[in-house]
Amino acid sequence: MTFDWANIVGLAGSGLMVVAYAYSNMAKTLNFFIFNLLNLVGSLLLIWSLTVHFNLASMALEIVWAAIALLGLGNAVRRKRP
C-alpha cells in the first residue's frame, strides 16, 4: 500500500462514516441532516479515492451509500420546511 493522497482522502471518508455511525448510536436525538451529510461526504471521499485505487465491490457499495444519503438529506430538508 502506498500512502498517497487517494489513501488519505479515503481514510478521511471512512472516518466520517464511522463518526456518523457512532453519532447515530450515541445521540439522544438524531439530527438526520447531519447524519446523512456525514455519510454523503464520507462516501464521496471514498468514491474519489476509489477512482485512483479501483475496487468494483467497494465502488458499488459507495455509490449506493451516497444515493441513500442523498435521499435521506432530501427527506431531512423536506421535514424541516413548514
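The values are calculated or read from the model by the stated rules, or taken from the named source; none is laboratory data. Note that the coordinates shown come from a computational prediction; the quantities given were computed from them, not determined experimentally. We work out accessible area using only protein heavy atoms, side chains counted, and drop any ligands, DNA or RNA first. Shrake-Rupley method; radii C 1.70, N 1.55, O 1.52, S 1.80 Å.
Sorted largest first, the principal axis extents computed over the alpha-carbon atoms of the chain equal 48, 23, 18 Å. Give the relative contact order (percent, whole number) for the chain; include only Cα pairs under 8 Å separated by 6+ residues. For the chain, the relative contact order is 35 percent. Computed with a 1.4 Å probe over protein heavy atoms only, the accessible area of Phe32 comes to about 90 Å².
Apolar share of the accessible surface for the chain: 73 percent from carbon plus sulfur atoms, 1.4 Å probe. For Leu16, the solvent-accessible surface computed with a 1.4 Å probe is close to 50 Å², ligands and nucleic acids excluded.
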